[in-house]
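To start, the structure itself, in structure tokens.
What follows draws every value from the coordinates through simple rules; no lab data is involved. None of the values given here were measured: they were computed from a predicted structure. Every residue, glycine as well, gets a Cβ built from its backbone with ideal geometry; the counts of neighbours run over all protein chains shown.
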Amino acid sequence: LGNTITAEGNATRLEAGTASWRYDVQGAANNASIIVRNSAGAVVYKEDLETTQGTHGFTWDGRSDNGSQNPDGIYSISVEATNADGGVVPVQTEISGRVDGIDLSGVTPTLAIGDATFPVTSVRSVGI
């Protein structure tokens, strides 16, 4: 508890108008679309961009495509990337934050960063 971690995952909390993710483009991509969905699964924001192979950060200000501010809560991201031939390029998404909860009641322990939960097996790094 209290340590900052990076974990494989796509859901994080929008808080005070900011939500951040990292994504790793695992091949040469010419085009990519970042799609943000609310907890009901509805698309609230989409941004088209070009990206290169490697790890990138994405910070969302909580505004929808129409400019309205979304309420604090859990949002997820997906990144769809294609190469020069139109083929799909794999992209892995990650979240980071301070762990403020642990649930040991199930078969696989889960960690919580705010309202977002994920299995401990998805942790990629732990900071101090």
Using the Cα centre of the chain as origin and beta-carbon charges of +1 (Lys, Arg) and -1 (Asp, Glu), tell me which of Gly2, Ser76, Asn66 is placed farthest towards the positive end of the dipole.
Gly2
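Once you have the Cα-Cα distance between Asp65 and Asn31, take 0.36 nm times their residue separation minus that, and quote the gain in nm to one decimal. If you can, show how the numbers build up before the last one.
Details: separation 34, 0.36 × 34 = 12.24 nm, distance 1.92 nm.
Result: 10.3 nm gained on full extension.
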Work out how much length Arg22 to Glu80 would gain on full extension: take 0.36 nm times their residue separation and subtract the Cα-Cα distance, in nm to one decimal.
19.5 nm
Among Ile102, Gln92, Thr55, flag the residue with its Cα farthest along the positive direction of the charge dipole of the chain, charges on Cβ as +1 for Lys/Arg and -1 for Asp/Glu.
Ile102
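Quick one: putting +1 on the C-beta of Lys and Arg, -1 on the C-beta of Asp and Glu, what dipole do you get for region 3-68 around its Cα centre, in Debye to the nearest 20?
Numbers: 5 positive and 8 negative charges, 35 e Å.
Charge dipole of region 3-68: 160 debye, to the nearest 20.
Suppose every Lys and Arg Cβ carries +1 and every Asp and Glu Cβ carries -1, with no other charges. What dipole size does the chain come out with about its Cα centre, to the nearest 20 debye? If you can, show how the numbers build up before the last one.
On the way: 7 positive and 15 negative charges, 42 e Å.
The dipole of the chain has a size of about 200 debye.
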Each label point is 7 Å from the Cα along the Cα-to-Cβ direction; what then is the distance between the points at Thr117 and Lys46, in nm?
3.2 nm
If you average 1/r across every pair of different Cα atoms in the chain and take the reciprocal, what Kirkwood value do you get, in Å?
15.4 Å
